[in-house]
Amino acid sequence: MCKGLSYLPSSCLEKAKGMRVKLSHLAEIHHKQKVQDGKILQDLETLLNSKIGLQAFRGFLRSEFSEENLEFWLACEEYRVSPSNLHKTKASSIYNQFINPDAPLEVNLDAETRESLLSLMDVPCADTFNNAQQRIYSLMAKDSFPRFLRSHHCAEAINVS
């Protein structure tokens, strides 16, 4: 039969109080993390800047056989911050992998953007792919991202984080 807390030694009561404080602190941290993780899904830019969000989005696109847009966007991000002495090599690689009509991961760009890029390939600079990257970003934001939000990949990302 329970006689109440007064029958417990004071050392047990102190330990219980300490545990309660620690548990409430952990619960608060967990809640803040859940709120932060929910913000990952508020827009595509935030998602792409989150390791967990990017991984989930990539998995989703892979399941739809359409990850070339994300891979192109990431390649452009890497290109933009690469040293200028590597621009010509990297630009050529990006063009051959994503832009060229025979590219293995060809992205969906209009003819004007493709021709504009082709003319910049001789002397590429840090912003060579900005226009094309923005077009692909817009395509992902309007098409892939809303579908991702309705997918099990998104639900799993929320549950994992």
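The values are calculated or read from the model by the stated rules, or taken from the named source; none is laboratory data. Every value quoted in this text rests on a predicted model; they were computed, and no experiment measured them. When we count neighbours, we look across all protein chains shown, and the Cβ atoms used for this are built from the backbone with ideal geometry, even at glycine. Keep in mind that these areas ignore ligands, DNA and RNA; they rest on the heavy atoms of the full protein, side chains included. Shrake-Rupley method; radii C 1.70, N 1.55, O 1.52, S 1.80 Å.
Touching a helix residue (DSSP H, G or I) at 6+ places or on another chain (Cβ under 8 Å) and in a helix (DSSP H, G or I), is that true of R58? In short, yes. Any idea how many residues of the stretch 61-81 are farther than 21 Å from N96 by Cα and part of a loop (DSSP other than H, G, I, E, B)? Matching residues across the stretch 61-81 total 1. Residues that are open to solvent by 70 Å² or more (accessible area, probe 1.4 Å) and touching a residue at least 24 places away in the same chain (Cβ under 8 Å) were ranked within the stretch 82-91; the one that is nearest to L118 (Cα to Cα) is K88. For Q55, are the conditions met, namely being open to solvent by 40 Å² or more (accessible area, probe 1.4 Å), within 16 Å of the chain's Cα centre (by Cα) and not acidic (D, E)? It is true that Q55 is open to solvent by 40 Å² or more (accessible area, probe 1.4 Å), within 16 Å of the chain's Cα centre (by Cα) and not acidic (D, E). Residues considered: N100, N96. Of these, the only one that is at pLDDT 95 or above and either among the polar types (S, T, N, Q) or exposed (fewer than 13 other Cβ atoms within 10 Å of the Cβ) (or both) is N96.
Of L109, L139, all but one fail to be touching a residue at least 24 places away in the same chain (Cβ under 8 Å), part of a helix (DSSP H, G or I), surrounded by 16 or more Cβ atoms within 10 Å (Cβ to Cβ) and among the aliphatic types (A, V, I, L, M); the exception is L139. Quick check on my filter: what residues within the stretch 114-130 are within 25 Å of the chain's Cα centre (by Cα) and open to solvent by less than 80 Å² (accessible area, probe 1.4 Å)? Those that are within 25 Å of the chain's Cα centre (by Cα) and open to solvent by less than 80 Å² (accessible area, probe 1.4 Å): A126, T128, F129, N130.
Being of a type in the set (D, E) and either within 18 Å of N49 (Cβ to Cβ) or touching a Gly at 6+ places or on another chain (Cβ under 6 Å) (or both) holds for only one residue in E78, E106, E115, and it is E78. Can you pull out the residues in the stretch 147-161 that are open to solvent by 40 Å² or more (accessible area, probe 1.4 Å) and either closer than 23 Å to D110 by Cβ or part of a helix (DSSP H, G or I) (or both)? R147, L149, H152, A155, E156, I158, N159, V160 - these are the residues of the stretch 147-161 that are open to solvent by 40 Å² or more (accessible area, probe 1.4 Å) and either closer than 23 Å to D110 by Cβ or part of a helix (DSSP H, G or I) (or both). Residue-level check: of (1) polar (S, T, N, Q); (2) outside any helix (DSSP H, G or I); (3) under 30 Å from N159 (Cβ atoms), T46 misses just (2).
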